Amino acid sequence: QVQLVESGGGSVQAGGSLTLTCVGTRYTYGNCMAWFRQAPGKEREGVAQVIASGSTPYYYDSVKGRFTISQDNVQKTLYLHMNNLKPEDTGMYYCAAARRQFFGGGMCASDFTYWGPGTQVTVSS
């Protein structure tokens, strides 16, 4: 069965918004769910994290204040709401899952082994 798969990517002008979704069997109670992205010629970087059962979201500095990670526990769907998009947000966006590793107000995991195939986001000036 599908473990993780993303959707919602596309092309948008700078300042615009997009919402990405992630579904799959790895959306499981207690798992650490996360969004990552990778721009051409750059290493993959973290975007945001949240516990599937509910937690205070964690955001990486590059998207803090502009992106929001959320979820629908009934539909077992993870979302990434992206606002005020910038050209530097362009890249392939990935959904990932892991067992919860950390407890507190920060990240919930650092070793992700379950990944979706990605969805492309392109932001033009």
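The values are calculated or read from the model by the stated rules, or taken from the named source; none is laboratory data. As the structure is a prediction and not an experimental result, all values here were calculated from the model. Here Cβ is always computed from backbone atoms with ideal geometry, including for glycine, and neighbour counts include all displayed protein chains. Surface areas here come from the heavy atoms of the whole protein model, side chains and all, with no ligands, DNA or RNA. Shrake-Rupley method; radii C 1.70, N 1.55, O 1.52, S 1.80 Å.
So for the chain, averaging the separation of alpha carbon pairs under 8 Å that are six or more residues apart and normalising by length, what relative contact order in percent results?
35 percent
How far apart, in nm, are the 7 Å Cα→Cβ label points at THR25 and PHE102?
For the pair THR25/PHE102, the computed spacing is 2.9 nm.
Report the gain in length on full extension from THR113 to THR77: 0.36 nm times residue separation, minus Cα-Cα distance, nm rounded to one decimal.
Contour length minus Cα-Cα distance gives 11.1 nm.
Would you work out what percent of the accessible area of the chain, with all protein chains in place, is carbon or sulfur (probe 1.4 Å)?
Ligands and nucleic acids excluded, carbon and sulfur give 48 percent.
For the range 1-108, just say rounded, prolate or oblate: build the C-alpha gyration tensor, square-root its eigenvalues into a ≥ b ≥ c, call rounded for a/c under 1.5, and beyond that prolate if a/b exceeds b/c, oblate if not.
Details: a/c = 1.69, a/b = 1.43, b/c = 1.18.
It comes out prolate by the Cα gyration axes.
Filter the chymotrypsin sites (Phe, Trp or Tyr not before Pro) in the range 18-49 down to the DSSP loop ones having no more than 11 other Cβ atoms within 10 Å, then list what survives.
Taking the range 18-49 and a limit of 11 other Cβ atoms within 10 Å, the loop chymotrypsin sites (Phe, Trp or Tyr not before Pro) found are TYR29.
Counting pairs of alpha carbon atoms under 8 Å apart in space and at least six apart in sequence, what relative contact order in percent does the range 1-66 give? Don't skip to the answer; put the middle values down first.
Details: 88 pairs, mean separation 14.9, N = 66.
Computed over the range 1-66, the figure is 23 percent.
Which residue, VAL12, SER110, PHE36, has the largest displacement toward the positive end of the dipole of the chain when charges sit on each Cβ (Lys, Arg +1; Asp, Glu -1)?
The residue sitting most towards the positive pole is SER110.
Write down the accessible area per residue of the chain in Å², having rolled a 1.4 Å probe over the full set of protein chains.
Accessible area per residue, the chain: 52 Å².
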